[in-house]
Amino acid sequence: MVRPLSRRNFMQGMSSLLALPLLRIKEPETILYNGNIWTLDETQPRAQAVAISGARFVAVGSNAEVLRLASGRTRKIDLASNTVLPGFNDAHAHPVASGVEHLRRVACDTDSIDKIKTALHERALKTPPGEWVLGFLYDDGKTPRPISRHDLDEAVPDHPVLVQHRGGHTAFVNSLALQLARVNDQTPDPAGGRFEHDAEGHLTGFVGDAGAQAFLKLIPNKSTREDYRQGAALISKLFASKGVTSACDADASPEDVQGYQDARDAGELTMRVYCHVSAASLDHFMDAGIHTGFGDEWVRIGGVKQYVDGSISERTAWLSQPYVGIPNNYVGLQLSSREQLYETGRKAHAAGWQLATHANGDLAIDRILGVYEQIQKELPKKDARFRIEHCTLLTDSLIQRMRALQVIPVPFSCYVYFHGDVMHFYGQERTQHMFPMRSFLDAGLRPTDSSDYTASPSDPMMWLQSQLTRTDMKGNVWGANQKITLPEAIRCGTINGAYAAFEEDLKGSIQPGQLADLVVLAQDPFKADPSELRKIFVERTMVGGSWKYES
Ligand SMILES: [Zn+2]
């Protein structure tokens, strides 16, 4: 049955910027037909064709029902029976920041330390004396051993070097960098950070969280407004090529937000962005009278981002039980006090901001839930949609508390597949409670999908595989009890991402009134082996009725 614009959707259209003139249904700009369309609209889960006008779906139904609406001017596109899903939503990533890194830094996403050394060496030859040589996308779980300061000294003796872990919380530095930061074997670890030592007590060059900040603050930010624009354009192209049509920037500075706007104005932004602003920039935005929801369907202001603890892949998440195989009962790092989280959170909540807080370990989640509970009690808000970014290691009682407040978990989606190499630090038993998608859904919560790019690939097909199989690249299974089904996983990556940004009336499913964002796949994931899902490639990605990626 063809679904014309219902009254509900029409009213949604009215309440957004543009009312959809009903007349346009008779003359759609574009019709896609002959598709195997999974709409995620419960009233009409499957369809063959969609009509699009004014960047939105105006009709969804069978070929006959929708093609009948075409006029002489309608562009008709045959989907040749390919599978179509709503565009994916990467609910936590760092698009502009990683885009600028792609422009400026040495990509170290290889399993060979020699190759990384060669690439850094070549970059050093082109770098003026005294300037930093910077790497990114490095993952010590993928090389035979972690890269050390000695490797970096050998590759680049005359420049300070910092190679950032792709998780973003830790880094590897050379001896010259250590000298510049005045860090030596005797320097104590800073609060919320660490300088790793080897068995003889010498620095290895691995520095974590506040330890890495001691180096990052020495590196001048030379990025120009043009760099942010280019970075936004570049990364949105990369994401769109994987079927991502919306992303949340989980820690945006004013320069980052401007980068998205500039790319949009230049016609180069190929995905929609919901921008959490960093706590450090909150006053800046508040002074301008801006709060969550400001913007439009391309670039919108999201929540305020704070951090409770460190990272899972880099072993700095704050846990109640020690890591497996790390000495001295090490339990990770706390990055903010309860008082800081409460003060910033309360101020922002009162001013109309959504709260989005990074918390990985169970102690970190307990801390931020306590803050959310207190704030909501003091300043009750209907439909606050508190978010916990990553929200990795849970207990039953934490999940019950999340349920009581209807907190949104924003977990990593392909960690089991992509970062299986660090799961042994948590141990088999604990992984049954990590990224617990089954438990979240059974509790009635609405988890999203996310990459935390650069931490892991923004690749929805890899996300689906990881969540259906809980199996890593080497075939190890971690937390099989948390497997979910394909329809559940697709909902997490589409509708739930929109809900987490208060945008479920705009996008996340293929139904009249919603933005025309969709992905065309080369193969039907419902007919594929779950352990092969990541091999399904994206043929085309549409955002707002126009193709933003075509293979
Ligand atoms: Zn992040």
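The values are calculated or read from the model by the stated rules, or taken from the named source; none is laboratory data. Owing to the predicted nature of the structure, the values given are computational and were not obtained by experimental measurement. For neighbour counting, all protein chains shown are included, and Cβ atoms are generated from backbone atoms with ideal geometry for every residue, glycine included. Accessible surface areas use protein heavy atoms only, side chains included; no ligands, DNA or RNA. Shrake-Rupley method; radii C 1.70, N 1.55, O 1.52, S 1.80 Å.
Worth a mention:
- For the residue pairs K76/K507; K237/K381; K126/K305, the alpha carbons lie more than 29 Å apart in K237/K381; K126/K305.
- For the range 167-209: rounded, prolate or oblate by the Cα gyration tensor [a/c cutoff 1.5]: rounded
- Rounded accessible area per residue of the range 284-441, 1.4 Å, Å²: 37 Å²
- Backbone amide hydrogens, once placed in the peptide plane, bring E539 within less than 5 Å of V520, L521, A522, excluding anything fewer than 5 places away on its chain.
- GluC sites (Glu not before Pro) lying in DSSP loop within the range 156-260, provided at most 11 other Cβ fall within 10 Å: E200
- Relative contact order for the chain, counting Cα pairs under 8 Å that sit 6 or more residues apart, in percent: 17 percent
- Cα-based shape type of the range 92-226, given that a ≥ b ≥ c are square roots of the gyration tensor eigenvalues and the cut on a/c is 1.5: rounded
- If the convex hull is drawn through the Cα atoms of the range 162-261, its volume per residue in Å³: 128 Å³
- Residues whose placed amide H lies under 5 Å from that of H92, excluding near-sequence neighbours: C248, S451, D452
- When peptides 279-286, 326-333, 227-234, 100-107 are sorted by average Cβ neighbour count within 10 Å, with the highest value leading, the order is 227-234, 100-107, 279-286, 326-333.
- Ranked by how many other beta carbons lie within 10 Å on average, peptides 445-454, 124-133 from highest: 445-454, 124-133
- The chain: calculated mean residue ellipticity at 222 nm from DSSP helix runs of at least 4, using -39500 (n - 2.57): -8500 deg cm²/dmol
- Using the 1.4 Å probe convention, the accessible area of the range 155-203 works out to 45 Å² per residue with neighbouring protein chains retained.
- Inter-label distance, nm, simple model (7 Å from Cα along the C-beta direction), S337/E122: 4.9 nm
- Put a dot 7 Å past the Cα of I219, heading toward its Cβ, do the same for R68, and the two dots end up 6.0 nm apart.
- Zone residues, the range 198-226, relative to N184, backbone N less than 17 Å from point 7 Å out along Cα-to-Cβ: 198, 201-205
- Trypsin sites (Lys or Arg not before Pro) restricted to the range 445-551 and DSSP loop, no more than 16 other C-beta within 10 Å: K474
- Whole-Å distance, taken between Cα centres, linking the range 501-537 and the range 295-373: 30 Å
- The dipole here belongs to the chain: it is taken about the Cα centre, uses +1 on the Cβ of Lys and Arg and -1 on the Cβ of Asp and Glu, and is about 1720 debye.
- Inter-part distance, the range 131-178 to the range 241-293, computed on C-alpha centroids, equals 29 Å.
- Rounded percent of accessible protein surface that carbon and sulfur make up, the chain, 1.4 Å probe: 51 percent
- Prolate/oblate/rounded call for the chain, Cα gyration tensor, a/c under 1.5 rounded: prolate
- About the centre of its Cα atoms, the range 123-212 shows a dipole size close to 320 debye [charges on the beta carbon of Lys, Arg (+1) and Asp, Glu (-1) only; nearest 20 debye].
- The amide H of T204, built 1.01 Å from its N in the peptide plane, has E196, H197, D198 as neighbours under 5 Å, considering only residues 5 or more places off or on other chains.
- Residues in the range 501-510 carry Karplus couplings, in order, of 10, 6, 10, 5, 7, 9, 7, x, 9, 9 Hz; the curve used is 6.51 cos²θ - 1.76 cosθ + 1.60 with θ = phi - 60°, and Gly or Pro positions show x.
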